[in-house]
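Asks: Once you've had a glance at the structure underneath, I'll fire off some questions.
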Amino acid sequence: MQEQPQRGQLQPEQQSHEAAMHDWNLYVEIGRVALVNYGKDYGKLVVIVDVLDQNRALVDAPDMVRSQMNFKRLSLTDIKIDINRVPRKKSLIETIEKADVKNKWENSSWGKKLIVQKRRAALNDFDRFKLMLAKIKKGGLIRHELAKLKKENAA
């Protein structure tokens, strides 16, 4: 008879999953780059320059005024830059450029997905029609090549 885990204990397959989850923890810290997920600055990358309390942080970016923002409005990224607490705007911009934050973001899978999302949202009806035709053509070519390979293998 298999022993049941006690209440609150994880089964072996859950334990390995939990251990893997801990590798992905991101912490709110000074210098952490975050994406604004709500409000007038939606979609902007900001840097946490100070933690005000358990719910809010002081954030800044080269193209915005330094302001406080609720953590619920921020999605933390895995990009972190080395800055002092509440740096001057000029030194913050320098550090961001030196760390190549924008390029790192655009090359991350999350950044690429958002770029594709924005590009798709900007398509007009005719662009969507051309995209549909391209997909149909691509599918036809793939089917044609697959049929060739099957025919070669059968012979």
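Asks: If you plug each phi of segment 34-45 into the Karplus form 6.51 cos²θ - 1.76 cosθ + 1.60 with θ = phi - 60°, what whole-Hz ³J(HN,Hα) values come out, in order, with x for Gly and Pro?
Replies: Whole-Hz 3J(HN,Hα) from phi for segment 34-45: 10, 9, 6, 10, 6, x, 5, 9, 3, x, 8, 8.
Asks: Which peptide among 99-108, 124-133, 63-72, 30-39 comes first, and what is the full order, when sorted by highest mean count of other Cβ atoms within 10 Å?
Replies: Result, highest mean first: 30-39, 99-108, 63-72, 124-133.
Asks: Let me ask something else. Take the alpha carbon gyration tensor of segment 50-143, find the square roots of its eigenvalues, order them as a ≥ b ≥ c, and report rounded if a/c is under 1.5; if not, report prolate when a/b exceeds b/c, else oblate.
Replies: prolate
Asks: Follow-up question, since we're still on this one. Find the all-direction average of the projected area of the Cα convex hull for segment 12-99, expressing the result in square nanometres with one decimal place.
Replies: 6.6 nm²
Asks: A follow-up question, please. In a shell of Cβ-Cβ distance under 15 Å around Asn107, excluding Asn107 itself, what net charge do Lys and Arg (+1) and Asp and Glu (-1) give?
Replies: Summing Lys/Arg as +1 and Asp/Glu as -1 gives +1.
Asks: Can you list the lysines whose alpha carbon is less than 27 Å from that of Lys44, not counting same-chain residues fewer than 8 positions off?
Replies: The reachable lysines, counting only those whose Cα sits under 27 Å from Lys44, are Lys72, Lys80, Lys89, Lys90, Lys98, Lys102, Lys104, Lys112, Lys113, Lys118.
Asks: I've got another one for you. Going by amide H atoms built from the backbone, whose H comes under 5 Å of the H on Leu74, apart from near neighbours?
Replies: HN-HN under 5 Å from Leu74: Asn37.
Asks: Something else now. By the scheme Lys and Arg +1, Asp and Glu -1, what is the net charge of all other residues having a beta-carbon under 12 Å from that of Ile142?
Replies: After counting each charged neighbour, the total is +4.
None of the figures in this text is laboratory data; all of them are computed from the coordinates on show. Owing to the predicted nature of the structure, the values given are computational and were not obtained by experimental measurement. Cβ atoms come from the backbone with ideal geometry, glycine included; neighbour counts cover every protein chain shown.
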